[in-house]
Amino acid sequence: QVQLVESGGGLVQAGGSLRLSCAASGSIWSINAMGWYRQAPGKQRELVANITRGGTTNYADSVKGRFTISRDNAKNTVYLQMNSLKPEDTAVYYCNAEVQPYFYSGWNGYWGQGTQVTVSS
């Protein structure tokens, strides 16, 4: 099995910063894309940012210029640096990874348990 464990959420004032981390462990042969999604109360889960194994990044328009996604392939870890946070960034943030568990298997998507980010005005 594959586990994704997020950390780094919390409460911060508007304008502040937080850094989220997500480490993948378990049966991992290879990881392709990794990303962060978020879900605010009463809203659908939405993509925040993702990054390929080669480092190509993609961001939601609402976070461009404020958030930076990065990854450490040796550690199977993805990060999300969040600066200039706004109250509308308040949500549960979920890590996602596209994983090939064994060299002979296909690719599966896995989710972390989520970490709460709350931005006060």
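The values are calculated or read from the model by the stated rules, or taken from the named source; none is laboratory data. Everything numeric in this text was worked out from a predicted model, so none of it was measured. Positions of Cβ are generated from backbone atoms using ideal geometry, with glycine treated the same way; all protein chains shown enter the neighbour counts. Please note that ligands, DNA and RNA were not included when accessible areas were found on the heavy atoms of the full protein model with its side chains. Shrake-Rupley method; radii C 1.70, N 1.55, O 1.52, S 1.80 Å.
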Applying the gyration tensor rule to the Cα atoms of the chain (axes a ≥ b ≥ c; rounded if a/c under 1.5, else prolate if a/b exceeds b/c, else oblate), the class is prolate
Want the number for Ser27 to Arg45: 0.36 nm per residue separation, take away the alpha-carbon distance, what's left?
3.8 nm
Expressed in nm to one decimal, what extension gain is obtained for the pair Glu88 and Ser70 from 0.36 nm per residue of sequence separation less their Cα-Cα distance?
4.2 nm
Taking +1 at the Cβ of each Lys and Arg and -1 at the Cβ of each Asp and Glu, which of Thr52, Met82, Leu20 sits farthest along the dipole of the chain towards its positive end, judged by Cα position relative to the Cα centre?
Met82
Just to confirm a number: summing +1 for Lys and Arg and -1 for Asp and Glu over residues other than Gly55 whose beta-carbon lies under 14 angstrom from that of Gly55, what do you get?
+1
Mean Cα-pair separation over length for segment 29-121, i.e. relative contact order, pairs under 8 Å, 6 or more apart, %:
30
When we measure straight from the Cα of Lys75, which lysines land under 28 angstrom away, once same-chain ones fewer than 8 places off are left out?
Lys64
Any idea of Leu20's accessible area? Nearest 10 Å², probe 1.4 Å.
0
Tell me, what ³J(HN,Hα) does each residue in segment 3-19 have, in order and in whole Hz, if you take phi through Karplus 6.51 cos²θ - 1.76 cosθ + 1.60 with θ = phi - 60° and put x for Gly and Pro?
10, 10, 10, 8, 8, x, x, x, 9, 9, 7, 3, x, x, 10, 9, 10
Accessible surface, per residue, of the chain when the full set of protein chains is kept, probe 1.4 Å, Å²:
52
So, with +1 on the Cβ of K and R and -1 on the Cβ of D and E, and no other charges, what is the size of the charge dipole of segment 1-103 about its Cα centre, to the nearest 20 debye?
100
Share of accessible surface on carbon and sulfur in the chain, whole %, 1.4 Å probe and ligands ignored, is 47
Which distance in Å, rounded to a whole number, links the C-alpha centroids of segment 49-110 and segment 1-30?
9
Evaluate E = 1/(1 + (r/R0)^6) for Thr52 and Leu11, where r is the Cβ-Cβ distance and R0 equals 22 Å; express this FRET efficiency to the nearest 0.05.
0.10
